[in-house]
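A.B. asks: What follows is a structure written as structure tokens; I'll ask about it next.
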Amino acid sequence: MNYTDPRELLPVVDARDRVLGTMTRREIHEKGLLHRAAHVLLFDPQGRLYLQKRSAAKDTYPGKWTSSASGHVDPGESYAQCAARELGEELGIEARLDYLGRLPAGPRTENEFVEVFTAVSPEAPRPNPQEIETGRFFTPAEALALAADPARACPSLGAVLELWREVRGG
């Protein structure tokens with residue numbers, strides 16, 4: 001399976017996140033159209049956050065650090081279904097997902113409306129090598145410092161972690 005298939009069909013949405021139709025991943029990204037994604041922040045029982053370094057084969061932000069698991073919402077799929085699918089595909093983990101919040105579409109999210117979920121699992125992630133170069137657990141402070149470094153992290157990681165920090169109250 002090619003995880004960055006430019007011909008993959010994805011829903012295009014309007015400014016209110018209503019589906020307008022579908023287009024290819026390539027067209028959506030080239031034209032900067034609004035679309036949807038889900039992100040998962042996976043914590044271990046000690047409160048450390050797993051982050052992944054994207055594969056060099058990814059079409060956007062290759063080799064940059066990002067959230068534990070993330071991906072585009074497929075046609076007919078909910079944000080929560082997408083989050084569960086991505087957690088399984090990218091890390092081989094099935095866990096209860098808790099809704100954290102929502103980010104507006106914009107430059108930091110590559111014009112994606114993003115819903116963010118958290119999960120806690122004692123299970124060791126098994127990164128999919130087609131998607132992930134490497135990954136590891138970080139303390140929250142280490143994760144926030146990494147997200148603040150644009151040379152090392154995707155812009156969306158900063159946005160997702162800011163939402164997490166806001167919601168958890170610190």
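The values are calculated or read from the model by the stated rules, or taken from the named source; none is laboratory data. What you see is a predicted model; the values in this text were computed from it and never measured. Counting neighbours? That spans all protein chains shown, and the Cβs are built from the backbone with ideal geometry, glycine included.
A.B. asks: Taking only the stretch 138-160 into account, find how many residues are touching a residue at least 24 places away in the same chain (Cβ under 8 Å) and of a type in the set (Asp, Glu).
C.D. replies: So the answer is 0.
A.B. asks: Okay, moving on. Restricted to the stretch 25-44, and to residues that are within 30 Å of Pro125 (Cα to Cα) and over 17 Å from the mean Cα position of the chain (by Cα), which residue is modelled with the highest pLDDT?
C.D. replies: Top of the filtered list is Asp44.
Per-residue answers, yes or no, for (1) exposed (fewer than 15 other Cβ atoms within 10 Å of the Cβ); (2) in contact with a helix residue (DSSP H, G or I) (Cβ under 8 Å, 6 or more places away or on another chain); (3) modelled with pLDDT under 95; (4) among the aromatic types (Phe, Trp, Tyr):
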{"site": "Glu90", "(1), (2), (3), (4)": "no, no, no, no"}
{"site": "Leu100", "(1), (2), (3), (4)": "no, yes, no, no"}
{"site": "Arg108", "(1), (2), (3), (4)": "no, yes, yes, no"}
{"site": "Val116", "(1), (2), (3), (4)": "no, yes, no, no"}
{"site": "Pro122", "(1), (2), (3), (4)": "yes, no, no, no"}
{"site": "Arg126", "(1), (2), (3), (4)": "yes, yes, no, no"}
{"site": "Glu131", "(1), (2), (3), (4)": "no, yes, yes, no"}
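A.B. asks: Please go through the stretch 35-70 and pick out each residue that is within 24 Å of Asp14 (Cα to Cα) and either surrounded by fewer than 21 Cβ atoms within 10 Å (Cβ to Cβ) or among the β-branched types (Val, Ile, Thr) (or both).
C.D. replies: Answer for the stretch 35-70, where residues must be within 24 Å of Asp14 (Cα to Cα) and either surrounded by fewer than 21 Cβ atoms within 10 Å (Cβ to Cβ) or among the β-branched types (Val, Ile, Thr) (or both): Val40, Asp59, Thr60.
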